[in-house]
Each structure stands twice: as structure tokens, then as C-alpha cells.
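Visitor: Take this structure, written in C-alpha cells, and hold onto it; I'll ask about it next.
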Ligand SMILES: *Cc1c(COP(=O)(O)O)cnc(C)c1O
């Protein structure tokens, strides 16, 4: 047997990591759960008339919980099978579903690597689950994840979910895929390794989706909120082992996807629209290094980090003065100073080329 086939057979089912009390859980049986056929639908207490404000009446009925067309379009976009993908209300919902399905309420633990996205700890806290932090390490190259320390902490602290963010928010740092793969192998049967790829489009780098199906404890989060410019439509995807996706679906709300949002997402995934999206992503990539290198040489900028995302993180001698000057010019950036270890940092999202020039002009003026 080949080494690859061997790897497939030794990877254990991620269902073993689902809460024991939820393994046989069917979830809410909605009017759409049963695959019935008919022409007069009187099984969901919907109105037989459209709302007078609802033009074609497209909002009259409860939506399909997981519209096949959307699942297929997203699976095509990300390069997985439709059965490996769950669509939901942003990746935020994916994070929450994972915490609830895997960690026992009031027990178990999730692991985060700060500085990182705040929602992992928020979801854990709401569920009464402990948060174990293995902070990123800063060195001359940027931010590194201490994968060995992560593996040790998982074993020591009863961690069931590891949240990695790549590229990282707010660091912009990409994590090496081989290290993620090695960690997932090491934690097989012990924890799910969740890779939040909210910014991967900007990184021009392969997705951790490529680690599936050989490594069944890998879970990837993707979103249409950032590169695809659909934050208000709230369309995020969890991509994972198909058995695990089934479990997460049963834990999800009965009708998570508003019909109007699904329709908008499908239009956004049409080839012509995707090509415009790609142009915008390419523009951000070009602007990013320009902004970073221009920031790095300004007096009063301690460090401007390399980024593989659509923002640049920078440390300032006087972050307050920089923040205030930008705000006075009408430019709102993210103040990171309350984050541990980032007491002097701002996170600046890339805007249009014109907006980025404005940011630089303001900072040049105030930091003279
Ligand atoms: C913005 C962001 C998200 C949220 O995505 P939604 O799909 O809009 O919920 C998830 N993860 C990270 C790291 C983010 O920065």
C-alpha cells in the first residue's frame, strides 16, 4: 500500500471528536426536511399571498436550508465536493457551530494563537468553554506560530478545537501549509484543526482544503465577506469531512440563509463577476507592498509588517497621534492597542489606490 493510501486509512473519523451527546442528534425537523412533492404547500404555515411589498413574491416561503445551487457554486469556487461544504451566516456562524458541536458546554477547551481574530474566544466564552492561548512569536521575519507548543498545549489542556488564522488577522502572516498538515496529523483523533482563511484570496497561496480528505480533522473557513465584497450578505463556508459537515448542519438554525442573500451570492459567483473580483484582489496585492514599504520608512513608524491579507499592521512611536490625524482627515483605521502585545499598533485596511495615497499623505504630514 502506498504512503498516501496509508495516510487515508489511519486518519480517524472526526465524528469521534463531536460531543458524545450530539452524535445521534437529528436537529430540528423543518418543513423543508422531508423531501415531499406537491403543488399546494400547506405544511409550513406560510401565507398563501405574497407580501404587497415583495415584488415577485420571492420571499413568501421559507428558504431551502442549503440550496444545492449555492453549495455547488461555493464548492466550485473553493475546490471541494458540495458534500464537504456547509454554507452559513458568515464564517462567524461556522466558528460558533464548531464550538457548540465539539466542546461540551462548560467544559473542554479551544486553542487560539494571539494576536488573532476575536470571535474564536467570544464563541468559546458564550459556550462556557475554556480558551487556551499559545501566542504567536514575533521575530525578524514577522509572526510565527509555535506549532510544537500548540501540540503540547492541546494534549495538556483538553483542547478539542485549534483555531489557526492564515493569513492572520491582524498580523497578515501566512502559516506554512506543511506545518498545518503536520499538526493535524499529530492531533488526529484528539482535536480539529480549524484554518480560518478569510483572507486567503489575497495571499495567492494554496488552501488547507488541499489537506482534505487525507487529513479528516482539518476544517477550513472561507467567506464572501472580504475579497468578494459581500459582507452584508453574510455568506460563509465551513469546508470539512462530509460526515462532520452533516453534524454541523444538524446543529445549525433551520433556515440559515435568507433567499435574497443566496440569490446575490449566486450572481457574485458568475464567471464575469468573479473576474472583476480577481482584478480588485490583484489591485490590493499591488497596493499592499507599496503601502507597507512606504510606512516602514516613515519616522515614527517602528515596524510595518509584511502582509498576505488586505491590510497592513504597523507599530508607531505615537499610535494615538497617527490615529487622530487620520481620523481628523476622515480616515478610520483599526486601533489595535487594546490587543495584548499590540499596545502601539494600528491595522490599516487597503482601500482604493487613491484612499491609500491619502493615508500615506496624512501620516507623512503628522510623523514629520
Ligand atoms: C472578517 C473575518 C471573519 C468573518 O467573516 P464573516 O464571514 O463575515 O463572518 C472571519 N475570520 C476572520 C479572521 C476575519 O477577519
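Visitor: Does a label point 7 Å from the Cα of residue 242, set along Cα-to-beta-carbon, have any residues of the range 38-70 with amide nitrogen under 20 Å, and which are they?
Guide: Counting only backbone N, you get 65-70.
Visitor: Also, quick follow-up: In percent, how large is the relative contact order of the range 166-307, given Cα pairs closer than 8 Å and 6 or more residues apart?
Guide: Working: 158 pairs, mean separation 28.5, N = 142.
It comes to 20 percent, rounded to a whole number.
Visitor: Can I ask one more? Whole number please: convex hull volume per residue, Cα atoms of the range 137-204, in Å³. If you can, show how the numbers build up before the last one.
Guide: Values: hull volume 6.3 nm³, N = 68.
Dividing the Cα hull volume of the range 137-204 by its residue count gives 93 Å³.
Visitor: What is the helix-to-structure angle for 90-102, meaning the angle in degrees between its Cα long axis and the longest Cα principal axis of the chain, kept from 0 to 90 and rounded to the nearest 10?
Guide: Here the helix axis deviates by roughly 60 degrees.
Visitor: Please give the calculated 222 nm ellipticity per residue for the chain, where each DSSP H segment of at least 4 residues contributes -39500 (n - 2.57) and the sum is spread over every residue; nearest 500 deg cm²/dmol?
Guide: Working: 11 runs with 131 residues, N = 368.
Computed ellipticity for the chain at 222 nm equals -11000 deg cm²/dmol.
Visitor: Output needed: percent of Cα pairs per 10 Å distance bin for the range 214-354, bins running from 0 to the one holding the longest distance.
Guide: Computed distribution, short to long bins: 10, 28, 27, 24, 10, 1.
Visitor: If you bin the C-alpha pair distances of the range 113-162 every 5 Å from 0, what whole percents do you get?
Guide: Calculated P(r), rounded to whole percents: 5, 19, 27, 24, 16, 7, 2, 0.
Visitor: Considering every Cα-Cα pair within the range 272-367, what fraction, in whole percent, is farther apart than 17 Å? Each step should come with its number before you reach the end.
Guide: Values: 2165 of 4560 pairs.
So the portion of pairs separated by more than 17 Å is 47 percent.
Visitor: Further, regarding this structure: Taking only Cα atoms, what is the 0 to 90° angle, nearest 10, from helix 177-186's long axis to the longest principal axis of the chain?
Guide: With both axes taken from Cα atoms, the answer is about 50 degrees.
Visitor: Same structure again: Determine, from the Cβ-Cβ distance of residue 20 and residue 357 and an R0 of 51 Å, the FRET efficiency 1/(1 + (r/R0)^6), rounded to the nearest 0.05. Don't jump to the answer; show the numbers that get you there.
Guide: Numbers: r = 57 Å, r/R0 = 1.11.
It comes out at approximately 0.35.
Visitor: Hey, another quick one. Can you sort 262, 113 by how many other beta carbons sit within 10 Å, fewest first?
Guide: Working: 262 20, 113 27.
If I rank by nearby Cβ atoms, fewest first, I get 262, 113.
Visitor: List 273, 301, 284 from most exposed to least, where exposure is judged by having the fewest other Cβ atoms within 10 Å. List each step's numbers first, then the result.
Guide: Numbers: 273 13, 301 19, 284 24.
So the ranking, lowest neighbour count to highest, is 273, 301, 284.
Visitor: For the pair residue 46 and residue 331, how long in nm is the line joining their label points, each one 7 Å along Cα→Cβ?
Guide: According to this spin-label approximation, the distance is 4.9 nm.
Visitor: What do you get for the angle between helix 68-78 and the principal long axis of the chain? Use alpha-carbon atoms, 0 to 90 degrees, nearest ten.
Guide: The two axes meet at around 30 degrees.
Visitor: Got the relative contact order for the chain handy, in percent, Cα pairs under 8 Å and 6 or more residues apart? Don't skip to the end; give the middle numbers.
Guide: Values: 659 pairs, mean separation 65.3, N = 368.
With pairs under 8 Å counted, the relative contact order is 18 percent.
Visitor: Going by how many other beta carbons lie within 10 Å of each one, how would you line up 280, 127, fewest first? Could you put the intermediate results ahead of the total?
Guide: On the way: 280 15, 127 18.
Sorted ascending by nearby Cβ count, the order is 280, 127.
Visitor: Quickly rank 25-38, 157-170 as a protection proxy: mean count of other C-beta atoms within 10 Å, highest first. Don't skip to the answer; put the middle values down first.
Guide: Details: 25-38: 10.5, 157-170: 24.1.
Averaged packing, sorted descending, gives the order 157-170, 25-38.
Visitor: Let me ask another. Assuming 0.890 mPa s and 25 °C, estimate D for the chain with Stokes-Einstein, Rh taken as the Kirkwood radius over Cα pairs, in µm²/s. If you can, show how the numbers build up before the last one.
Guide: Working: Rh = 22.2 Å.
For the chosen part, D equals 111 µm²/s.
Visitor: Give me the percent relative contact order of the range 272-367, please, defined on Cα pairs under 8 angstrom at least 6 residues apart.
Guide: On the way: 129 pairs, mean separation 25.6, N = 96.
The normalised contact order for the range 272-367 reaches 27 percent.
Visitor: Percent of Cα-Cα pairs per 10 Å bin, from 0 to the last occupied bin, for the range 162-253, please list those.
Guide: 16, 48, 31, 5
Values quoted throughout were computed directly from the atomic coordinates according to the rules given, and no laboratory measurement underlies them. Because the structure is predicted, anything quoted here is derived from the model rather than measured. Virtual Cβ from ideal backbone geometry, glycine too; neighbours counted across all protein chains shown.
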